[in-house]
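Report on one structure; see the data block that follows.
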Amino acid sequence: MWIFRRISMLLAVFFITALSAMASSPLAGWWRGEVAMLPLVIHIEQDTSGAFTGALYSPAQTDRDIPFDRVEVRGDSLSLRVSAIGFRYDGVLDAGKIRGRMIQGVELPLTFTPATQDDATLYRPQTPRPPYLYDVSEVGFDNDSLHFAATLTVPWTGCFGAVVLVSGSGAQNRDEEMLGHKPFAVIADMLTRMGWAVLRYDDRGVGGSSAGSTDDTTLDFATDAMAALRFLRSDKRFAGKPVGMLGHSEGGLIAVINAAEHPDSLDFIITLAGPAVKGSDLMVMQNRLVASVSGVELPDDEVSSIEKTFAAIDSITDTAELRAALDTLLHDGPSKARSIDVMTSPWYTAFVRTDPVPYLRRVRCPMLALNGTWDAQVDAGQNLGSVRDNVPSAEVVALDGLNHMFQEAPSRAGSMNYGGITQTISPVVLDRIGDFLTGVVKKRNAR
């Protein structure tokens, strides 16, 4: 009996030890950290065999998880890898926090604290969700050989008029989606509930729209916006009602170009941070402002170098000659060749050389121009000043504390952290747009 009890005791000790070895690691669970003002969330799972898996989340940028290639736990030490994005993290559990360093191009300190699954959720409260209180149709229109996929929203009980939304630079979808934000979806929802039909479309090569050419410039994109406007004009529901364009950033410039080139087609335009000075001047200011927001004041010689760079792009029309000039002007580095490729591309050179002033002077329809005072990409003072000087009849408004995406930023230093700001677009902007369009209708009815 004693021998049996002794064996039973040894077996019990063995099972307790085995169970202890497979006990859940304190590193398993949800953890939240922050790097460069962007939240990062990790989820570590441990299966019954003791093996670890997990995923990385960047809730300010996407609602998708990024599975780790490797999750290695040794006692209180944690190592994580995602080879596809060059991400590496090594940390140690200390006093309830994982303290370590992240490497992704650069090495940065990163501390994780306990979190929940909610911390990994992309929170965009302004994004409209069904059921919608208006009709939503998937439509399409053509611009010569190119076909564009679009969404048309129409009020249930008639409408005051119709608006085309024109996105900013870069290939964007119909919602102008960026970092989980869908500003055009928000604007379309607000305007349609106000009584306006809204057409928003995928840019060339995005979603259901045809791909364009590598030679495409702002003027080519302006023809797409006009094709969208003609589509609205062909709809009998909007006959005799005001039809116009609302453009953000480069889209604002496109609205101005079309108002000047097609004065009988547009009844109004709205520009949100629309460029109103020559591209070369805008880009010099942009470089200075972005550096300033990042906490860097550029020395005079650096500013001079930037000015010479954009002067070269503005004046040298031969591509080979321009590449040689930029090779001399730009700092050596791993991205220099790529920068030269971008800066000599048809779109970039055309944008830098475009002067909106001649177009602005020909705008005759009602115009609303909005800019945020914390916009580091299209400076409010520089560009709204040009609108005031060249379109005396325009309604021009600088909105305090708003960034390029028209979000209410917590500080100027954090104003470019677009994904880290929960708000998609300030209600102040939506109210201004609504008031302007109400005025368009009143003036039209008063004729």
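Numbers for the structure displayed
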item: Residue 225 being in contact with a strand residue (DSSP E or B) (Cβ under 6 Å, 6 or more places away or on another chain) and more than 17 Å from residue 201 (Cβ to Cβ); result: no
item: Any chance residue 68 is on the phi < 0 side of the Ramachandran plot and modelled with pLDDT under 90; result: no
item: Hey, residue 111 over 23 Å from the mean Cα position of the chain (by Cα), β-branched (Val, Ile, Thr) and surrounded by fewer than 21 Cβ atoms within 10 Å (Cβ to Cβ) or not; result: yes
item: Those residues of the stretch 168-196 which are aliphatic (A, V, I, L, M) and touching a Leu at 6+ places or on another chain (Cβ under 7 Å), in sequence order; result: 187, 188, 190
item: Breaking point among (1) open to solvent by 20 Å² or more (accessible area, probe 1.4 Å); (2) in contact with a Phe, Trp or Tyr (Cβ under 9 Å, 6 or more places away or on another chain); (3) assigned to a loop (DSSP other than H, G, I, E, B), for residue 410; result: (2)
item: Residue match in the stretch 359-373 (condition: at pLDDT 95 or above, farther than 30 Å from residue 159 by Cβ and touching a Ser or Thr at 6+ places or on another chain (Cβ under 7 Å)); result: no
item: The listed residue being within 21 Å of residue 139 (Cα to Cα), open to solvent by less than 50 Å² (accessible area, probe 1.4 Å) and outside any strand (DSSP E or B), out of 200, 204; result: 204
item: Top-ranked residue in the stretch 115-134 [being under 20 Å from residue 28 (Cβ atoms) and open to solvent by less than 70 Å² (accessible area, probe 1.4 Å); ranked as farthest from the chain's Cα centre (by Cα)]; result: 115
item: Every residue from the stretch 155-166 that is open to solvent by 10 Å² or more (accessible area, probe 1.4 Å) and either within 13 Å of residue 199 (Cβ to Cβ) or among the aromatic types (Phe, Trp, Tyr) (or both); result: 156, 159, 160
item: Boolean, residue 35 is under 21 Å from residue 422 (Cβ atoms), among the β-branched types (Val, Ile, Thr) and modelled with pLDDT of 90 or more; result: no
item: Matching residues, the stretch 330-349, being crowded, with 17+ Cβ neighbours inside 10 Å and either in contact with a strand residue (DSSP E or B) (Cβ under 6 Å, 6 or more places away or on another chain) or part of a helix (DSSP H, G or I) (or both); result: 340, 343, 347, 348, 349
item: Yes/no for residue 193 being touching a Phe, Trp or Tyr at 6+ places or on another chain (Cβ under 7 Å), in a strand (DSSP E or B) and at pLDDT 95 or above; result: no
item: Yes/no for residue 382 being in a helix (DSSP H, G or I) and under 26 Å from the mean Cα position of the chain (by Cα); result: yes
item: Test: residue in the stretch 179-189 that is open to solvent by 10 Å² or more (accessible area, probe 1.4 Å), under 30 Å from residue 62 (Cα atoms) and in contact with a helix residue (DSSP H, G or I) (Cβ under 6 Å, 6 or more places away or on another chain); result: yes
item: Yes/no for residue 142 being without any contact (Cβ under 8 Å) to a residue 40 or more places away in the chain and acidic (Asp, Glu); result: no
item: Sole exception among (1) farther than 23 Å from residue 121 by Cα; (2) modelled with pLDDT under 95 for residue 180, by number; result: (1)
item: Unmet requirement for residue 431, which otherwise passes all of (1) in contact (Cβ under 8 Å) with a residue 60 or more places away in the chain; (2) under 27 Å from residue 197 (Cβ atoms); (3) not aliphatic (A, V, I, L, M); result: (1)
item: Condition check for residue 397: without any contact (Cβ under 8 Å) to a residue 40 or more places away in the chain and not in a loop (DSSP other than H, G, I, E, B); result: yes
item: Residue list for the stretch 367-378, restricted to those being surrounded by fewer than 23 Cβ atoms within 10 Å (Cβ to Cβ), of a type outside the set (A, V, I, L, M) and in contact (Cβ under 8 Å) with a residue 40 or more places away in the chain; result: 377
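The values are calculated or read from the model by the stated rules, or taken from the named source; none is laboratory data. Since the structure is predicted, the reported quantities are computational estimates derived from the model, not experimental observations. Counting neighbours? That spans all protein chains shown, and the Cβs are built from the backbone with ideal geometry, glycine included. The protein model used for the area step is the full one, side chains on, heavy atoms only, and it has no ligands, DNA or RNA in it. Shrake-Rupley method; radii C 1.70, N 1.55, O 1.52, S 1.80 Å.
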